[in-house]
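J.: Have a look at the structure that comes next, please.
The values are calculated or read from the model by the stated rules, or taken from the named source; none is laboratory data. Remember, predicted model here, so these are calculated numbers, not experimental data. Positions of Cβ are backbone-derived with ideal geometry, glycine not excepted, and every protein chain shown enters the neighbour counts.
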Amino acid sequence: MRIPGVWRAKESVGALRLFQRCPVALPWFRYLRDAGPQGELLRLVQALECSRAVGPSRGKAVLVVFLWLIVSSREIALHLWRYRALGRTDPTAPGTARQLCQMVGALLGDNISPHSYYLFHLYRREHWVARHRFLLIWQLQPVFVALDEAERGALEVANDKLAFWQRCGTAGLPAVPVVAAARAGRLVEPFAGACPPALPPVDLVFKPVDEYGGHGIEFFFHQAASGHWSDGTRTLDAGGVLEHLCRRAQPGGMVLQPRMANHPTTEPLSNGFLVTLRVVTEWIPGQPPYLLAACCRMPSGDGRVANLSGAPVLAAVDLETGRLALAERPEPGSGLLECHPDSGQRIAGVALPFWAEVCALALRAHATFGPFPTVGWDIVLTPEGPLLLEFNTRWASSILQLHGQPPLGLTRGPECYLAAYRRLCGAKA
């Protein structure tokens, strides 16, 4: 049977990913009646979605809504089956019948997909009553993409790990050091020259300059007896490490960084690898940068990175005190955790060290790298203090609306994104 073109065309309908939300503004969606900044932002995003997916065709709009309902019904059934044992992993979850009713209500009343219902743990009572205040990934992505396009020149510096480290050094911002870097198969300044850079006798981390989410990272562990480095399958001397760096930097670029040590307070909150903080700052013209939210990402199991690809343990950070809330996993349907699953160390209530310095560093970094409306800073806590690790303008909203955090719709976030998008539209006009 021939598949209809509207189903096949990714550009017009976005295939199955489109149906994680209804691209057509159905009049009963609650956010369409919201008079505040969040409602105005979501009406704007909904109009962009509808224009891209449907266009002016009323018949196509009817077909898209029909397909959305079919796909969503299937997704509800699949998610109910997948999380049928949710009550055993998360005692706060209601029974299956109530989950079904809630999913249908969230879908038809708030344009919230079954996947988002579980990802944002909307079955928890405190989340369910505020479900219309959660900002979902699809609601933020179009705005973030448009803002990134407008600041492409500045982003080329900030999103390049070598350029980011150099800019931090120029501005006097403490950052995780780079001990060597290569592009297009060759060492680059300040590491190029007749004498190769001396490598410190510590574990080393290879990173692509322009990747994120932990992609492409390699660890080589220092062998004290031989003075060499090994990844478990290969053993390299200093020259071999630099040759490997140059090989991996074809055609792109690579940086080599020392593997940082956790602060004694955060070391028990890990599996031995680095704990990182995601601290989001925002800026509205005419005002100083401010803190939006923060999350502590703790590696666990076999994960060597605390990015979402490494299945970390996540805990919200109280912006006033720096204390951690109950933790949870990033996957949908995870329960709350009082202790780290590997170390058994209690997480809830732990006060992060250097918290005032962390906040000051993030705000100072935003003032230095501006004028981005919103930035997610990756910061590490070492025994000596906090260090900047990376810069992100597209941060995952799911890890900033955890247990113990208000939904982003109750923060200044919508005001910031709306103001930024208005400036962008005004500049284009």
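J.: Of all residues being aliphatic (A, V, I, L, M) and more than 13 Å from Arg133 (Cα to Cα) in segment 36-49, which is surrounded by the fewest Cβ atoms within 10 Å (Cβ to Cβ)? Just the residue, please.
T.: Taking the candidates together, the pick is Ala47.
J.: From the residues in segment 336-349 that are touching a helix residue (DSSP H, G or I) at 6+ places or on another chain (Cβ under 7 Å) and surrounded by 18 or more Cβ atoms within 10 Å (Cβ to Cβ), which one is nearest to Pro288 (Cα to Cα)?
T.: Residue satisfying both the conditions and the ranking: Ile347.
J.: Could you check Cys168 against (1) farther than 26 Å from Ala306 by Cβ; (2) assigned to a helix (DSSP H, G or I) and say which number it fails?
T.: (1)
J.: Sort out which residues of segment 101-114 are crowded, with 16+ Cβ neighbours inside 10 Å and assigned to a helix (DSSP H, G or I), and write them in order of number.
T.: Those that are crowded, with 16+ Cβ neighbours inside 10 Å and assigned to a helix (DSSP H, G or I): Gln102, Met103, Ala106, Leu107, Asp110, Pro114.
J.: Quick one: Ser230 ticks every box in (1) in contact with a strand residue (DSSP E or B) (Cβ under 7 Å, 6 or more places away or on another chain); (2) touching a residue at least 12 places away in the same chain (Cβ under 8 Å) except a single one, so which number is it?
T.: (2)
J.: Looking only at strands (runs of 3 or more DSSP E) that lie completely in segment 191-307, which have at least 1 residues being within 28 Å of Ala396 (Cβ to Cβ) and within 29 Å of the chain's Cα centre (by Cα)?
T.: Correct list: 204-208, 218-223, 253-258, 276-282, 290-298.
J.: Exactly one condition in (1) closer than 13 Å to Thr266 by Cβ; (2) touching a helix residue (DSSP H, G or I) at 6+ places or on another chain (Cβ under 8 Å) is not met by Leu308; state its number.
T.: (1)
J.: Moving on. For segment 89-100, give me each residue that is in contact with a helix residue (DSSP H, G or I) (Cβ under 8 Å, 6 or more places away or on another chain) and part of a helix (DSSP H, G or I).
T.: Thr96, Gln99, Leu100
J.: How about segment 255-273: which of its residues are at pLDDT below 95 and closer than 29 Å to Val157 by Cβ?
T.: Matches in segment 255-273: Phe273 only.
J.: Would you call Ala97 outside the structural domain of Leu418 (by TED's automatic domain parsing), touching a residue at least 12 places away in the same chain (Cβ under 8 Å) and either within 30 Å of Glu338 (Cα to Cα) or small (Gly, Ala, Ser) (or both)?
T.: For Ala97, the condition - outside the structural domain of Leu418 (by TED's automatic domain parsing), touching a residue at least 12 places away in the same chain (Cβ under 8 Å) and either within 30 Å of Glu338 (Cα to Cα) or small (Gly, Ala, Ser) (or both) - is not met.
J.: From Val209, Val157, grab the single residue that is at negative phi and buried (at least 20 other Cβ atoms within 10 Å of the Cβ).
T.: That would be Val209, the only listed residue that is at negative phi and buried (at least 20 other Cβ atoms within 10 Å of the Cβ).
J.: Which of the numbered conditions does Glu156 fail, given that it passes all the others? Conditions: (1) in contact (Cβ under 8 Å) with a residue 12 or more places away in the chain; (2) out of contact with any Ser or Thr (no Cβ under 6 Å at 6 or more places or on another chain); (3) of a type in the set (Asp, Glu).
T.: The failed condition is (1).
J.: Can you tell me which residue in segment 338-355 is nearest to the chain's Cα centre (by Cα), limited to those that are free of Cβ contacts under 8 Å to residues at least 24 places away in the same chain and outside any loop (DSSP other than H, G, I, E, B)?
T.: Looking at residues that are free of Cβ contacts under 8 Å to residues at least 24 places away in the same chain and outside any loop (DSSP other than H, G, I, E, B), I get Cys339.
J.: Output the residues belonging to segment 26-82 that are within 29 Å of Thr96 (Cα to Cα) and acidic (Asp, Glu).
T.: Hit for segment 26-82 is Glu75, nothing else.
J.: Find the residue count for segment 376-418, including only residues that are more than 17 Å from Ala294 (Cα to Cα), in contact (Cβ under 8 Å) with a residue 24 or more places away in the chain and surrounded by fewer than 17 Cβ atoms within 10 Å (Cβ to Cβ).
T.: So the count comes out to 3.
J.: Still on this model: Within segment 313-337, which residues are in a loop (DSSP other than H, G, I, E, B), modelled with pLDDT of 90 or more and either closer than 25 Å to Gly87 by Cβ or small (Gly, Ala, Ser) (or both)?
T.: Within segment 313-337, just Gly322 meets the criteria.
J.: Scan segment 311-332 for residues that are touching a helix residue (DSSP H, G or I) at 6+ places or on another chain (Cβ under 6 Å) and either surrounded by fewer than 21 Cβ atoms within 10 Å (Cβ to Cβ) or of a type in the set (Ser, Thr, Tyr) (or both) and report the count.
T.: Matching residues across segment 311-332 total 3.
J.: Within segment 50-88, restricting attention to residues that are surrounded by 15 or more Cβ atoms within 10 Å (Cβ to Cβ) and outside any helix (DSSP H, G or I), which residue is modelled with the lowest pLDDT?
T.: The qualifying residue modelled with the lowest pLDDT is Val54.
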